[in-house]
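This report concerns only the one structure given below.
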Amino acid sequence: MLLLNVTWFGMQFMYLLFSVEVVPSQIRELVGDKAKGHILGIIAASSSVLTFIASPLVGMLSDRLQSKYGKRRPVMVVGTALMSIGFVGMAVIARNLGDKETTCSSLGSSSNGTDVCSHVVKPLCPNTTNTSEYEIQGQVHVVIYSVFFLIGTGCYAVLNVAYNGLMADMTHPSVRGFGSGLMGTMVVLGMLAGASAGIFYKTVGVAGTFSIMYAVLVTTVTITVISIKEQPSKKKLHSPVRWKHVLLSYWEPLKGEL
């Protein structure tokens, strides 16, 4: 049971450090304190929509996966591996932001009279001579960063869905209470460890923090994937996915609310 639940530790460690320390800090460096909340709200909402749409689809495809390695573990491996694309992209975009701040008082205010920012990061606009040029460059970097953010969180959703399916498949009804308690313990320990690691974010740096997050996640996922043996999924237990019905199923719960 411990080896099955250990991935909860890695997921919570990564998610807390990622969402509470890393992303807010990087967004602040990209757009400044005044726009940080607005941009965070947009990408968080976009991530929620992506997770809402993708999670049921991943679950259905996992249920129907035919593999000698089982139907959950391969999806966990793919989600974890592809998550590295998002992490690497985010780290590259914002890698030097914390080390190369400079004031931008020379930029003045935007055309509508509002303050553009309290500081500018040199990698984003090293040769900026006017406000509009800075704004365009900043917007491009925010869009690119957001794309990599969505890749990372989307892959996290893939891992999360498959892992929850594995938990349900491998936990015997007689030990579900114990399993739930062990899961809660791993979640709390992961959150505590992630919060503690966040203290050293400025010291370790962007690349170091992403490396630690991903290393912990990969280690725990690997332990679970290797130690838990799924039965080969070769029989077709579910009917093929009918995409028209799937799309309608998203709309039906909302129809009465609109």
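The values are calculated or read from the model by the stated rules, or taken from the named source; none is laboratory data. Since the model is a prediction, treat every value here as computed from it, not as a measurement. Backbone-built Cβ (ideal geometry, glycine too); neighbour counts: all protein chains shown. The protein model used for the area step is the full one, side chains on, heavy atoms only, and it has no ligands, DNA or RNA in it. Shrake-Rupley method; radii C 1.70, N 1.55, O 1.52, S 1.80 Å.
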Inset, instruction - Examine the stretch 72-90 for a residue that is modelled with pLDDT of 90 or more, open to solvent by less than 50 Å² (accessible area, probe 1.4 Å) and touching a strand residue (DSSP E or B) at 6+ places or on another chain (Cβ under 6 Å), and state whether such a residue exists. - result: yes
Inset, instruction - State whether one or more residues within the stretch 210-224 are open to solvent by 50 Å² or more (accessible area, probe 1.4 Å), more than 23 Å from Val88 (Cβ to Cβ) and of a type in the set (Ser, Thr, Tyr). - result: no
Inset, instruction - Among the candidates Lys71, Lys34, single out the residue that is more than 24 Å from Thr220 (Cβ to Cβ) and basic (Lys, Arg). - result: Lys34
Legend entry - Every residue from the stretch 60-87 that is of a type in the set (D, E, K, R) and closer than 28 Å to Ser19 by Cα: Arg72, Arg73
Inset, instruction - Please specify each residue of the stretch 1-44 satisfying the condition of being aliphatic (A, V, I, L, M) and more than 13 Å from the chain's Cα centre (by Cα). - result: Met1, Leu2, Leu3, Leu4, Val6, Ile27, Leu30, Val31, Ala35, Ile39, Leu40, Ile42
Inset, instruction - State yes or no: is Gly59 modelled with pLDDT of 85 or more, more than 25 Å from Ala207 (Cα to Cα), open to solvent by less than 20 Å² (accessible area, probe 1.4 Å) and assigned to a loop (DSSP other than H, G, I, E, B)? - result: no
Inset, instruction - Give the residues of the stretch 186-209 that are open to solvent by less than 70 Å² (accessible area, probe 1.4 Å) and among the hydroxyl-bearing types (Ser, Thr, Tyr), sorted by residue number. - result: Ser196, Tyr201, Thr209
Legend entry - the stretch 1-31: number of residues that are open to solvent by less than 10 Å² (accessible area, probe 1.4 Å) and farther than 24 Å from Ser48 by Cβ: 2
